[in-house]
Amino acid sequence: MQYSLATIVNFCTNESRFIQTCLDQALQFSSQVIVPVCDHFFDGTPENRDLLEKIYQAFPKCLFIEYPFIPHKIPKKVFQRVRPACFWPSFSRMIAFEFVEKTLDHILFLDVDEIPDASKFTEWLKFSDYHGHTVIKLANYWYFREACYQANPWEDSIVFAQRRTLESHILLNQEERNAIYDSLPGPKRRMGPHGAGAAVENRRDPPAEG
């Protein structure tokens, strides 16, 4: 079942091992899935063009927004406010935000290694009171090496916010997704290690060793 929400997934090909599972899960509950991609890695190295093209073709239901790496055109005062390591991930989310369909009610902000469990998240959407909250920090896990290896500690890095409350300047911030949660007015809710509530993790067993 798809809900009135867009999922924005930050991604580069260094994390391509997670993209299949992450997007497959997000497409099950999202009316729109947007993947912002820079044409360079954030250290200035060109992206893997061949792999990007294969991924674009593999997911025709997702909207990939590719933008140029142009640090020389960014005003220095911006980098004084948001250091480059935080600027580019935030800039990716800000660009994707401009492409969210205006009819949708909510936006889920993911990194590609934060793989959601579609069945658990759909169940949470069905029974939770999320419509009564401006923004929620969701409990989640991140993944490493492959999409089947899940970290043990809980995180609450994923942010789920009402679209109408968001503005571009909130997204372009030194604190990245934390700034979305901190900047928006209540009511708001924090889950995971600093609160209580259901997870959106996708727990998978590792493959058997040969």
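The values are calculated or read from the model by the stated rules, or taken from the named source; none is laboratory data. From a predicted model like this one, the values you see are computed outputs, not experimental measurements. Don't worry about glycine lacking a Cβ; one is built from the backbone with ideal geometry, like all the others, and counts go over all protein chains shown. We work out accessible area using only protein heavy atoms, side chains counted, and drop any ligands, DNA or RNA first. Shrake-Rupley method; radii C 1.70, N 1.55, O 1.52, S 1.80 Å.
For this structure, a couple of remarks:
- Options 42, 99, 127: the member that is open to solvent by 60 Å² or more (accessible area, probe 1.4 Å) and without any contact (Cβ under 8 Å) to a residue 24 or more places away in the chain: 127
- Residue check, residue 51 surrounded by fewer than 17 Cβ atoms within 10 Å (Cβ to Cβ), assigned to a helix (DSSP H, G or I) and hydrophobic (A, V, I, L, M, F, W, C): yes
- Test for residue 110: is it within 20 Å of residue 94 (Cα to Cα), assigned to a loop (DSSP other than H, G, I, E, B) and modelled with pLDDT of 95 or more: no
- Residue match in the stretch 180-197 (condition: touching a Leu at 6+ places or on another chain (Cβ under 6 Å) and modelled with pLDDT of 90 or more): no
- Subset of the stretch 1-42 (residues that are closer than 19 Å to residue 85 by Cβ and either in a helix (DSSP H, G or I) or among the basic types (Lys, Arg) (or both)): 13, 14, 15
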